[in-house]
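The values are calculated or read from the model by the stated rules, or taken from the named source; none is laboratory data. What you are looking at is a predicted structure, and each value in this text was computed from that prediction instead of being measured. A quick note on method: Cβ atoms are made from the backbone with ideal geometry, for glycine too, and the neighbour counts reach across all protein chains shown. These area figures cover heavy atoms from the full protein model, side chains too; ligands, DNA and RNA do not enter into them. Shrake-Rupley method; radii C 1.70, N 1.55, O 1.52, S 1.80 Å.
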Amino acid sequence: MRPNSLSRSLRRVVPTTLAALALGAAALPADAVAAGKTQPDLAVDLVMTDVVNPAEGETFSAQIDLRNYGNGDSGPVKVTVAVPAGLRTTTPYAGTGWTCAAASATSYSCAYPALLAGQRSRLNVPFEVAGATPGTTVPITATIAPDKRESNTGNNTGSVTVAIAGTAVIRGIVWHDLDGDGQREEGEPGIGPEGVLRVSLWSPQGQATGGGSATVEPDGTWSITARTEQLYQVRVEATNQYDTTAGNVGDDATDSDLVTAYQWDPTLLAASAEFHAQHGGEYVVDAGLVTRS
Ligand SMILES: [Ca+2]
Ligand SMILES: [Ca+2]
Ligand SMILES: [Ca+2]
């Protein structure tokens, strides 16, 4: 991996209703109920998004898990979800039992009838990326407005930051390391499409959207403009007359950045280390191949 000036290196409650009391009594020791110590404790348990790196104009969803950690019925649950600059509200679909409305351009107001002691529920709210700067992160924050006095109010807010995708150039050369020293020297030729079948980007993150593939040029060079704010691994497929040379040996500007070979027949499949591609970056991943013995 050879970073240039633009690149980033690879190396690196009291219940108020009889109903609530009755519900609490089922789950509690008799003394606790006798003392009337049932309180809800609503919490924002988890906030995540269904896409890790949404891009301008795309719609994605935030999944907000809420749970009542207390020993009493919560009463009506109200949750405000703040929409930051760069995102905008769109038609909400919420989730089972939930009702949500875009209270303004900058927040959703959501409601759920009640969570019993120990009960959880997931709320889904959609966002559209509108005017966010590629490569930046934007926060999504969910805040509970409790209906009843809670035993703990410190857990009523939760948030997640979402990275906005941009583009980066990922490129390299596949060459024949004739002397097998792991370095590309004068006189060692590039390997074109006769030997290199495909160069592709593989993402280890299931919730990331991006990738791409390239056919190498006759001189062994290739380039892919790819979506960013996600992890990639460069995968090279070549004919089985080749094997990989040793990776990361000597000068990074002229070494091979393939670190794993995981198939030799019917074709050679090899891969670079994983790296995080960021907006505006340029990542050079070279591949040295030797004649298979
Ligand atoms: Ca709470
Ligand atoms: Ca060499
Ligand atoms: Ca290297």
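See the values below:
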item	result
Qualifying positions in the range 161-194 - away from ligand 3 (no atom under 16 Å from the Cβ), open to solvent by 30 Å² or more (accessible area, probe 1.4 Å) and closer than 30 Å to Pro134 by Cβ	Thr161, Thr167, Val169
Matching residues in the range 195-216 - criterion: being among the hydrophobic types (A, V, I, L, M, F, W, C) and open to solvent by less than 60 Å² (accessible area, probe 1.4 Å)	Val196, Val199, Leu201, Ala208, Ala214, Val216
Top-ranked residue of the range 76-106 - restricted to ones that are of a type in the set (S, T, N, Q), over 13 Å from Ile64 (Cβ atoms) and in a strand (DSSP E or B), ranked as most open to solvent (accessible area, probe 1.4 Å)	Thr99
Which listed residue, of Gly172, Gly158, is farther than 30 Å from Tyr242 by Cβ and either touching an Asp or Glu at 6+ places or on another chain (Cβ under 9 Å) or away from ligand 2 (no atom under 16 Å from the Cβ) (or both)	Gly158
Complete set of residues in the range 53-75 that are outside any loop (DSSP other than H, G, I, E, B) and open to solvent by 10 Å² or more (accessible area, probe 1.4 Å)	Thr59, Gln63, Asp65, Arg67
Any strands (runs of 3 or more DSSP E) falling wholly within the range 191-277 and containing at least 2 residues that are under 28 Å from the mean Cα position of the chain (by Cα) and more than 28 Å from Val51 (Cα to Cα)	258-263
Residue list for the range 278-293, filter: of a type in the set (D, E, K, R) and within 30 Å of the chain's Cα centre (by Cα)	Glu282, Asp286
Among (1) part of a strand (DSSP E or B); (2) farther than 15 Å from Gly288 by Cα; (3) open to solvent by 60 Å² or more (accessible area, probe 1.4 Å), the one test that Thr153 misses	(1)
Residue in the range 253-263 that is within 13 Å of Ile170 (Cβ to Cβ) and open to solvent by 50 Å² or more (accessible area, probe 1.4 Å) present	no
Unmet criterion (only one of (1) modelled with pLDDT under 95; (2) open to solvent by 30 Å² or more (accessible area, probe 1.4 Å)) for Thr143	(1)
